[in-house]
Amino acid sequence: MLLSLTLATSAQAGEELETYTAEDVIITATRIQENTDTVPAGVTVITAADIKKRQATSVREILQTEPGIYMSPTAETKDGLSMRGFGSSDILVLYDGQAISSSYDGSVSWDTLPINQIERIEIVRGAGSSLYGGRAVAGIINIIPKKAGKDTSIDMTMGYGSNHTLQQSLHVSGAVTDKLSFGAGYENRSTDGYRGYFRTAAGKATGSAAYSGALPKLSDGSYMIGGRGEKSKTSETYDINFNYQLDKNRSLNYTYLHNAYNYSYNNPFSYVLDSSGKPVFSGTVLTADGKYVTFKPSDFLGYRGERASNIHKLTYQDDKNYIKASLGLNDIYKEGYSSASTAATSVGWNGAGSLSEYPSKNYTVDFQKTWKDLGRHTIVGGFAWEKSSMTQQLYNIKNWRDWSSLQSLSSKSEGSTKNLALFVQDEYALSAAWKMYTGLRLDHYSKGGGYSYFSNTNSTKDYAGKDFTEVSPKIAFSYCPNAQTTYFTSYGHSFNPPALYKMYRTSSSSMSAVQANPDLRPETSDTFELGIKRSLDEKNTMGITYYDVTTKDKINYFSTNKIYDNIDQAKRRGIEFELQHTIDKDWKSYLNYAHETGKNTIRGQEETNYEIPKHLLHAGLEYTHKKWNWLLDAQYVSQRQTPDAVTGEYGSEDAFFLMNTSLNYKIEKDMTLQLGVQNLFDKHFFAAEAAAGRTYSLRMDYHF
């Protein structure tokens with residue numbers, strides 16, 4: 001599934017960029033450069049300039065304002081994103097064409113990507129398996145980093161904000177020789193975090209208590225006893241890019257990205273106070289309504305997590321013959337978390353605990369050729385190969401904060417898969433106004449098998465390998481009666497192979513543990529879309545897309561059997577609407593709205609999927625004049641729980657309306673000062689955990 005998506009170095013890009021600006025074109029949708037207004041899909045292109053104006057500090061902050069995308073405000077780091085009601089594991093996420101999802105569970109660590117090194121982000125909504133294979137069910141998000149350039153340039157950023165949030169980055173690019181150019185960058189982000197994760201405990205009717213007091217009570221009858229404290233995070237990224245021009249038509253490009261990320265909870269707090277008013281973290285409290293609640297130090301100690309990865313990509317490009325060939329590796333060589341033992345005697349406990357590690361690797365090969373001189377046809381064809389593997393290890397450790405203090409291995413699971421695919425797409429100009437796109441991909445997917453080892457019984461359980469073949473067709477039509485209007489419709493079949501951990505991980509020999517299921521089949525989805533893109537006049541453009549997705553063999557976890565299985569079916573449908581309005585030369589505005597619904601059929605019983613927000617609204621106003629740029633953005637998300645569920649308490653998925661603003665002032669040609677305020681009106685709400693209140697940030701950007 002690896003693809004060279006470099007815009008600046010393609011010959012066909014060079015030909016068409018004489019007509020279109022970078023904002024007007026997209027490559028990800030069809031693997032060749034297309035005009036965003038005429039490509040038969042809902043697409044979005046976010047440029048580096050857009051990212052700076054919004055004063056985003058992470059990729060997820062940028063994505064959450066786009067049509068049909070919801071990002072949980074409390075997810076912070078890993079996953080939490082949905083597109084058209086599908087989670088990250090059903091979205092193909094690429095960094096410079098290399099898939100970056102974890103092979104272990106299909107998740108994406110959004111905040112580990114270097115925001116200031118991004119040149120553009122291309123978002124394609126809808127089925128993409130006909131060109132890209134598995135995971136491209138809801139769509140594709142391709143994050144394209146800045147490339148090596150011949151002109152020497154240096155970009156620096158320094159920022160500071162609420163919760164001791166620090167951001168600093170440096171990016172340098174230039175030419176070494178006439179043929180060799182380079183780019184290199186460094187980015188560091190850290191924050192002390194805010195109190196968001198609380199702990200709850202059930203009450204008993206009888207008992208004896210050393211303390212008494214009023215604890216916050218939830219609608220399920222449990223009590224909030226305190227929390228883990230602030231979740232501090234640190235992310236450090238290095239990136240390198242080399243481009244070597246073999247001749248005027250052929251080039252080699254190498255991209256490397258390293259990220260090290262860690263998090264931990266600090267300053268745990270308790271709502272139980274002793275007679276002197278000091279918080280206590282162990283004992284039993286008699287609540288105001290006569291219930292006895294018992295708690296212990298381990299209740300207040302949060303996880304300590306680490307993640308480290310290397311992404312490599314080597315691309316050969318022949319612009320004369322329209323050939324692209326790529327090799328890639330996504331090596332997540334460290335990922336996991338540790339927790340304290342339930343025997344912890346204090347919230348400062350540095351004693352025993354457990355460690356779960358689950359590193360993974362993903363190797364990819366991709367070859368693509370384009371034929372452009374076939375009358376009315378433009379054909380793209382090629383092949384792709386992929387190998388994925390994972391290891392999951394559970395350890396007992398002497399000091400739960402120190403991963404090097406290993407004592408013994410509890411269990412270990414390994415598994416791998418391979419995939420070989422052929423793909424082809426034909427873009428056929430039926431007439432001056434009509435185009436037909438037909439695509440087909442054949443994937444041969446091999447489960448390489450795996451095993452689980454259990455130290456308590458000194459036994460190993462082996463899982464046999466199996467193969468399956470998936471055919472992913474797609475057909476789309478676009479009709480452009482004039483230069484201002486495009487109608488499009490499409491049907492696409494897509495699939496999502498099961499995550500490796502669902503097939504091969506078993507953490508214990510006990511039948512009470514989650515069991516591996518190597519017989520899992522891929523989920524398959526059929527997507528129908530109908531849309532229009534229209535320039536109403538010189539000041540207004542709009543787009544409307546309707547989609548309907550039916551998923552079969554949906555994988556779900558069943559607690560009674562302790563196993564993941566292909567039991568369910570799901571239905572998702574929605575409408576996405578976009579409007580951009582230019583008020584005058586200084587003022588612009590935008591609005592996008594998505595209405596989504598979903599139903600799951602679980603063992604024959606149909607039920608509404610309340611995890612999908614029914615309403616997603618974004619609206620904004622932008623002012624640009626001389627040295628000033630001001631942006632005001634509003635976001636509304638409807639609740640994601642049953643209508644009769646209690647809102648406004650810990651654990652709920654509340655509806656929320658937020659306003660964010662940023663002010664940019666160009667001090668001089670190459671220096672910009674930026675002030676940002678998130679959650680301008682300090683709204684307090686819950687998205688399972690507690691969301692952050694109002695935050696401020698101040699940043700200086702320098703380019704020379």
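Pairs of Cα atoms in the range 550-600 fall into 5 Å distance bins, from 0 up to the last occupied one, in shares of 5, 15, 15, 11, 11, 9, 8, 7, 6, 6, 4, 2, 1 percent. Taking Lys and Arg as +1 and Asp and Glu as -1, the other residues whose beta-carbon sits under 11 Å from that of Asp90 total +3. Restricting the calculation to Cα atoms, the range 216-290 shows an Rg/Rh of 1.48 when the hydrodynamic-style radius is the Kirkwood one. Return the Rg/Rh ratio of the range 304-423 with Cα-based radii and a Kirkwood Rh. Rounded to two decimals, Rg over Rh is 1.28. Here the range 11-703 is treated with +1 on each Lys and Arg Cβ and -1 on each Asp and Glu Cβ, and its dipole about the Cα centre works out to around 1120 debye.
With coordinates expressed along the principal axes, the C-alpha atoms belonging to the range 478-601 extend over 68, 32, 22 Å, beginning with the largest.
Eigen-decomposition of the gyration tensor built on the alpha-carbon atoms of the range 412-481 gives equivalent ellipsoid semi-axes of 47, 11, 7 angstrom, largest listed first.
Based on the alpha carbons, how large is the Rg to Rh ratio for the range 253-323 when Rh follows Kirkwood?
Taking Rh as the inverse mean 1/r over Cα pairs, Rg/Rh reads 1.50.
For Asp568, the residues whose amide H sits under 5 Å from its own are Lys554, Asn556, ignoring neighbours fewer than 5 places away on the same chain, with H placed 1.01 Å from N. Taking each residue as 0.36 nm, the span from Lys461 to Tyr160 lengthens on full extension beyond its C-alpha to C-alpha distance by 103.2 nm.
Mind ordering 127-134, 52-59 by average Cβ neighbours within 10 Å, highest first?
Answer by packing, highest mean first, reads 127-134, 52-59.
Given the options Pro613, Thr642, Gln674, identify the residue whose Cα lies farthest towards the positive end of the charge dipole of the chain (+1 on Cβ of Lys, Arg; -1 on Cβ of Asp, Glu). Sorting the options by dipole projection puts first Thr642. Karplus-derived 3J(HN,Hα) values for the range 179-186, using 6.51 cos²θ - 1.76 cosθ + 1.60 with θ = phi - 60°, are 9, 10, 10, 9, x, 9, x, 9 Hz; glycine and proline are entered as x.
Sorted ascending by nearby beta carbons within 10 Å, beginning with the fewest, Trp349, Trp587 become Trp587, Trp349.
Charge dipole (Cα centre; +1 on Lys/Arg Cβ, -1 on Asp/Glu Cβ; no other charges) of the range 568-651 amounts to roughly 240 debye.
The Cα trace of the range 383-525 gives Rg and Dmax of 23.1, 72 Å, the first to one decimal, the second as a whole number. Here the alpha carbons of the range 11-703 define both size measures, Rg and Dmax, at 26.2, 87 Å.
Estimated from the Cβ-Cβ distance and a Förster radius of 41 angstrom, the FRET efficiency linking Tyr590 and His444 is about 0.40.
Modelled label positions at Asp548 and Tyr428, each set 7 Å beyond Cα in the direction of Cβ, lie 2.5 nm from each other. Looking only at the range 307-349, which residues have a backbone nitrogen under 16 Å from a spot 7 Å from the Cα of Asp373 in the C-beta direction? Output list for this probe position: 319-323. Taking all Cα-Cα distances within the range 104-171, those exceeding 14 Å account for 72%. Hydrodynamic radius of the range 130-255 by the Kirkwood approach over all distinct alpha-carbon pairs: 20.3 Å.
Val365 to His703: FRET efficiency via 1/(1 + (r/R0)^6), r the Cβ-Cβ distance, R0 41 Å, to the nearest 0.05? Intermediate results must be reported in sequence, preceding the final value.
Working: r = 37 Å, r/R0 = 0.89.
Result of the calculation: an efficiency of 0.65.
Once the chain from Ser208 to Asp178 is taken as fully extended at 0.36 nm per residue, the excess over their C-alpha distance is 2.7 nm.
If I model a spin label as a point 7 Å beyond the Cα along the Cα-Cβ vector, how far apart are those points for Ala343 and Arg534 in nm? For the pair Ala343/Arg534, the computed spacing is 7.2 nm.
Relative to the globular-protein estimate of 2.2 N^0.38 Å, the Cα radius of gyration of the range 590-643 stands at 1.78.
In the chain, the DSSP-assigned H stretches of four residues or longer account for a calculated mean residue ellipticity at 222 nm of -1000 deg cm²/dmol, using -39500 (n - 2.57) per stretch and the full residue count as denominator.
Each reported figure results from applying straightforward, stated rules to the coordinates on display, with no laboratory input. In this text the structure is predicted, and so the values were computed from the model without any measurement. All Cβ positions, even for glycine, are placed from backbone atoms using ideal geometry, and neighbour counts span all protein chains on display.
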